[in-house]
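Since every read-out is calculated from the coordinates, none of them should be taken as a lab result. All values derive from a computational prediction rather than experimental measurement. Here Cβ is always computed from backbone atoms with ideal geometry, including for glycine, and neighbour counts include all displayed protein chains.
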Amino acid sequence: MRVLIFGGGAREHAITLKISQSPILTKLYLVNPNDGFSHLGQVLEYENFEDLAKKSLINKIDLLIVGPEQPLVDGIADIFSAKNIPVIGVNKKWAKLESSKIFAKEFMLKNHIPTAKYKIIDKNINIDAALADFNSPFVIKADGLAAGKGVSIVKDLNVAKSTIQEYLSGKFGKASKRILMEEFLEGEEISLMSIWDGKILLPFISAKDFKKLSADMDAPNTGGMGAYCPVKLNSNTQKQLNYYIENLQNALIKEKADFVGIIYSGLIITNEGIKVLEYNVRLGDPETQPLLMHLNTDLLLIFKYAIEKKLDAVKIDWKEGTSACVVLATKGYPQKPVTGDIIKNLDKINNDIQIFYAGVKSKNNSFMTNGGRVLSICKTSENPFPTIYKTCETITFYNKIFRNDIKIYDKI
Ligand code: AMP
Ligand code: GLY
């Protein structure tokens with residue numbers, strides 16, 4: 001197969017590496033890769049999605065794999081599908097599961113998928129009356145995409161009120177014209193990524209993402225500072241998870257969800273059972289890095305079966321042990337990352353460590369930091385964290401930060 005991969009973060013590096021190892025790959029093309037993995041394929045330049053689709057036809061591309069959500073929200077899958085180029089990635093309509101939290105809530109409500117109780121707030125709603133329906137801590141969410149920063153959880157009623165006012169007066173532009181207030185849920189969170197072929201929803205093993213910048217309860221949320229998989233689940237949680245997957249599959253069938261792509265469920269295991277915190281329409285970052293390291297099965301073959309609507313024939317084989325990842329980020333992330341530092345000692349790492357590149361730029365034969373999340377340091381073994389953390393110390397750059405408390409949880 002001739003494959004085009006879209007996106008330039010550590011997640012896309014992991015996807016690209018895995019696809020490049022597939023025996024059914026004949027040629028790999030990349031769009032917007034970062035300098036850390038652009039050598040793995042031929043880079044295509046493009047002006048817009050129409051232009052990219054035309055170039056894809058010229059280059060006889062058999063499959064487009066889309067990493068990030070923005071191009072999906074902007075309709076890349078629709079444009080490629082109209083030219084009969086198969087895509088792993090949702091169409092514009094279903095990208096709303098991620099780009100509109102209100103759309104996602106309505107989907108869940110219609111289909112009896114448990115989620116936090118919520119209320120939609122816009123400029124016509126009385127904020128005090130709305131707040132009176134909830135208890136502290138108050139959960140406030142922008143409806144639209146806000147680069148992972150659109151959720152505020154605040155304890156104080158007055159702060160909640162001013163946060164809502166800030167959101168409505170355009171803190172996240174159009175994305176916070178409408179917002180959600182939500183019941184606060186307590187429990188352990190897991191990420192469940194799955195692939196949908198139009199008939200079958202095939203789940204991957206669940207992963208644990210460490211979203212906060214530090215272990216501090218009040219630390220800001222980030223895209224994710226580390227992850228591991230599989231999560232050890234007790235039999236009751238596993239049963240609930242199986243039920244959830246069946247429920248989601250039935251909902252997608254009922255709604256005639258006409259796409260082939262990824263659905264990521266951000267789940268929380270509460271005393272009342274598993275509930276959905278959010279949907280994403282792409283693989284998670286950083287969860288994908290350990291997930292694909294843990295995967296024995298050929299990823300391209302899974303995708304091929306998906307576009308042929310034959311996911312029922314796929315049996316996924318996973319490695320033993322745990323695959324894990326710790327993110328090296330740069331000071332200021334997620335608000336205002338400092339970039340431009342030289343990254344040192346990349347040549348001094350163990351063979352059993354896999355590094356996926358994200359915010360990097362090459363200069364004079366070395367790499368400089370060029371974004372908030374810089375590198376994903378990954379390994380698969382019975383207990384990968386000691387070696388991963390040794391590597392996090394070995395690699396240096398001036399404004400390096402990372403979470404040092406990421407660990408494997410007992411059964412949840
Ligand atoms: P989201 O982008 O909606 O997944 O929210 C980001 C993070 O905020 C989640 O991973 C949770 O840690 C937290 N969060 C979101 N909604 C709630 C909620 N209703 N109750 C408690 N925590 C939440
Ligand atoms: N790590 C969470 C996400 O990809 O949205």
Next item on the list: Check cross-link reach from residue 363 to the lysines: straight Cα distance under 17 Å, and skip same-chain residues fewer than eight apart.
Entry: 344
Notebook entry, point to check: GNM on the chain, C-alpha springs below 10 Å: top fluctuator among 223, 170, 41?
Noted result: 170
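I'd like the per residue volume of the convex hull spanned by the Cα atoms of segment 1-153, given in cubic angstrom.
On the way: hull volume 24.6 nm³, N = 153.
About 161 Å³ per residue, rounded to a whole number.
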Next item on the list: Treating cross-link reach as a plain straight distance, find the lysines whose alpha-carbon is under 17 Å from the alpha-carbon of residue 304, omitting any fewer than eight places away in the same chain.
Entry: 18, 27, 60, 199, 315
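Let me have the relative contact order for the chain, percent, based on Cα pairs under 8 Å that are six or more residues apart.
On the way: 915 pairs, mean separation 68.9, N = 412.
So the answer I get is 17 percent.
With only alpha-carbon pairs counted, each pair once and no self-pairs, how large is the Kirkwood hydrodynamic radius of segment 238-285 in angstroms? Working shown, then result.
Details: mean 1/r = 0.0847 Å⁻¹.
When all Cα pairs of segment 238-285 are included, the Kirkwood radius is 11.8 Å.
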Margin query: If each residue of separation counts as 0.36 nm, what is the full-extension length gain between residue 382 and residue 232 once their alpha-carbon separation is subtracted?
Written below: 52.7 nm
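Can you give me the convex hull volume of the Cα atoms of segment 261-412, divided per residue and expressed in Å³? It would help to have the intermediate numbers written out before the result.
Details: hull volume 24.8 nm³, N = 152.
That works out to 163 Å³ per residue.
So how do 196, 318 line up by other beta-carbon neighbours within 10 Å, fewest first? Walk me through the intermediate numbers first.
On the way: 196 23, 318 15.
Going from sparsest to densest Cβ surroundings: 318, 196.
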Note to self: Using the Cα centre of segment 85-232 as origin and beta-carbon charges of +1 (Lys, Arg) and -1 (Asp, Glu), tell me which of 86, 158, 112 is placed farthest towards the positive end of the dipole.
What the structure shows: 86
Item checked: Residue among 29, 305, 357 with the largest mean-square fluctuation in a Gaussian network model of the chain, springs linking Cα atoms under 10 Å -> 305
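Counting Lys and Arg as +1 and Asp and Glu as -1, each charge on the Cβ, what is the dipole of the chain about the Cα centre in debye, to the nearest 20?
My answer is approximately 460 debye.
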Next item on the list: Calculate the length of the line joining the C-alpha centroid of segment 311-328 to that of segment 1-44, in whole Å.
Entry: 19
Notebook entry, point to check: Near residue 411, which aspartates and glutamates are there with a Cα under 15 Å away, not counting those fewer than 8 places off in the same chain?
Noted result: 188, 189
Note to self: Can you tell me which of 14, 257, 215 moves the most in a GNM of the chain? Springs connect C-alpha atoms under 10 Å apart.
What the structure shows: 215
Check: Along its principal axes, what span do the Cα atoms of the chain show, with the longest given first and each in whole Å?
Finding: 59, 48, 47
Checklist line | In segment 79-122, lysine pairs with alpha-carbon atoms under 23 angstrom apart (chain gap of 8 or more, or interchain) | finding: 20
Check: If each residue's Cβ is checked for other Cβ atoms within 10 Å, how do 229, 392 rank with the fewest at the top?
Finding: 392, 229
Check: Taking each full run of DSSP H in the chain as one helix, which ones are at least 30 Å long along their axis (Cα atoms) and have mean Kyte-Doolittle hydropathy of at least 1.6?
Finding: none
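What full-extension length gain, to one decimal in nm, is calculated for residue 169 and residue 239 as 0.36 nm per residue of separation minus the Cα-Cα distance? Each step should come with its number before you reach the end.
Working: separation 70, 0.36 × 70 = 25.20 nm, distance 4.36 nm.
The residue 169-residue 239 span can extend by a further 20.8 nm.
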Notebook entry, point to check: Computed over the Cα atoms of segment 169-215, what is the ratio Rg over Rh, Rh following Kirkwood?
Noted result: 1.11
Margin query: Could you tell me the extents of segment 341-412's C-alpha atoms along the three principal axes, largest first, rounded to whole Å?
Written below: 46, 24, 16
Check: Which values of log₁₀ I(q)/I(0), to two decimal places, follow from the Debye formula for segment 133-180 at q = 0.14, 0.25, 0.26 Å⁻¹ with a uniform point scatterer at every Cα?
Finding: -0.28, -0.85, -0.91
Notebook entry, point to check: What's the exposure ranking of 90, 360, going from fewest to most Cβ atoms within 10 Å?
Noted result: 360, 90
Note to self: Full-extension gain between residue 125 and residue 312, please, as 0.36 nm times their residue separation minus the C-alpha to C-alpha distance.
What the structure shows: 62.6 nm
Note to self: Under a crude label model (7 Å from the Cα following the beta-carbon direction), how far is residue 60 from residue 320 in nanometres?
What the structure shows: 4.3
